[in-house]
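Working notes, beginning with the structure itself.
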Amino acid sequence: MNRSVRAAAIGLTLAWVGALQASVRSVSQEPCAPALLSETGLYEANRPGAIARGVRQFSPQYPLWTDGAKKARWIYLPPGTAIDTTVPGEWTFPVGTRFWKEFTFNGRKVETRFIWRATAERWIFATYAWNEEQTDAVLAPTDGIRGAAVLAEGKRHDIPGEIDCRACHGTTRPGPLGFNALQLSTDRDPNAIHGEPLAPGMITLATLESEGRFSPRRPELVAAPPRIHTSSPRTRAVLGYLSSNCGTCHNPAGETSFTGPSLKHSDLTDGDDVVARMLQYATTWQVPGQPDGSSRMLNAALPDASAMLARMRSRRPSSQMPPLGTVLRDEQAIAAIEKWIAADLVKR
């Protein structure tokens, strides 16, 4: 099927799905994701592409890898509300908070993900597929859209459905993953893997504190911005990358079964201690070609025998890490971690 025919077919399918979902929404009293991205509050009314007043852009210092996608991210906090920071590592967002993340591949917008705290009990997760004209995006089916964009020969990007979103964002404490104290710190890591520059007007911890958006107030986040403390700049950058790409699951509070060093953003204050525990941690997943029981998360003596590297290199569903959201290896990250093990860990 050529591109124009495929695009027309997808367009007709999405239009039908949008009409059906709008019909369901009209008879339901529960808040639902709108049928169109333009109805979610991201854009000014009657001004296509113009970001709405009150919607603010941000950029996490350690971006999540998604097959090389270019991303843009926004947040809307309702006027007069604040983020509950009573538990520093577990922010609670006010009702009405909205997040958007736009994915662009090969110069074309493919999808925009939407997270909305619609009520005190409910977060809504939705994805929107951009039309061929790039004028708006339509709510994707609940099971997503497979093969929405070409990434490489034989590799295509899938737009996730609601279930896919919740698999990463969780069900017991759902919410955003890349909007936290470490990611918004003004002490940004200049060596961050896939690091993005801060554009004028982007939200940081200093912005949120100065505008009274924390409750209780957190002046210490401005006076001493959070960072991963290590003896090596490479270790800081690698742990930052792991916090975004692995820490969602690899932490004791996560919803998946996991034992080992926590890679959650709030557990990486002492980076060197985390690395020491990673070097000692024996994995149940066995590195191919290694004797049973000998696999370690990190192996300074035999870097290629590190379970972490072996799983990052794999794109087999049974072994790849991260397990969701990517079909291409992150070659830049793999090279950075290989260099880090060779340059820093062999000295331990």
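Over 22 Å between C-alpha atoms is what I'm after, so list which of K71/K155; K101/K339; K70/K155; K109/K155 land there. With Cα atoms farther than 22 Å apart: K101/K339.
Over the Cα atoms of the chain, each weighted equally, I'd like the Debye log10 I(q)/I(0) at q = 0.07 Å⁻¹, rounded to two decimals. With one equal scatterer per Cα and no solvent, log10 I(q)/I(0) is -0.32. A Förster distance of 25 Å, applied to the separation of the beta-carbon atoms of I163 and E132, puts the FRET efficiency at 0.40. What shape does the stretch 106-204 have by the C-alpha gyration tensor, where a ≥ b ≥ c are the square roots of the eigenvalues, rounded means a/c under 1.5, and otherwise prolate means a/b greater than b/c and oblate the rest? Verdict is oblate for the stretch 106-204.
Peptides 235-245, 178-188 ranked from most to least packed, by the mean per-residue count of other Cβ atoms within 10 Å: 235-245, 178-188. Using 0.36 nm per residue, how much length does the chain from R217 to R56 gain when fully extended, once their Cα-Cα distance is taken away? Gain on stretching R217 to R56: 55.9 nm. For the chain, the relative contact order is 14 percent, taking Cα pairs closer than 8 Å that sit 6 or more residues apart in sequence and dividing their mean separation by the residue count.
For Q290 and S232, the FRET efficiency from 1/(1 + (r/R0)^6), where r spans their Cβ atoms and R0 equals 45 Å, is about 0.95. Note on the stretch 202-288: the alpha carbon radius of gyration divided by the globular reference 2.2 N^0.38 Å gives 1.31. Taking a cut-off of 19 Å, what percent of all Cα-Cα pairs in the stretch 195-348 are separated by more than that? For the stretch 195-348, the share of Cα pairs beyond 19 Å comes to 60 percent. Taken about its Cα centre, the chain carries a charge dipole of about 360 debye when Lys and Arg each add +1 at the Cβ and Asp and Glu each add -1 at the Cβ.
Taking the C-alpha atoms only, the angle from helix 3-26 to the longest principal axis of the chain is near 70 degrees.
None of the figures in this text is laboratory data; all of them are computed from the coordinates on show. Keep in mind it's a predicted model, so treat the numbers as computed, not measured. For neighbour counting, all protein chains shown are included, and Cβ atoms are generated from backbone atoms with ideal geometry for every residue, glycine included.
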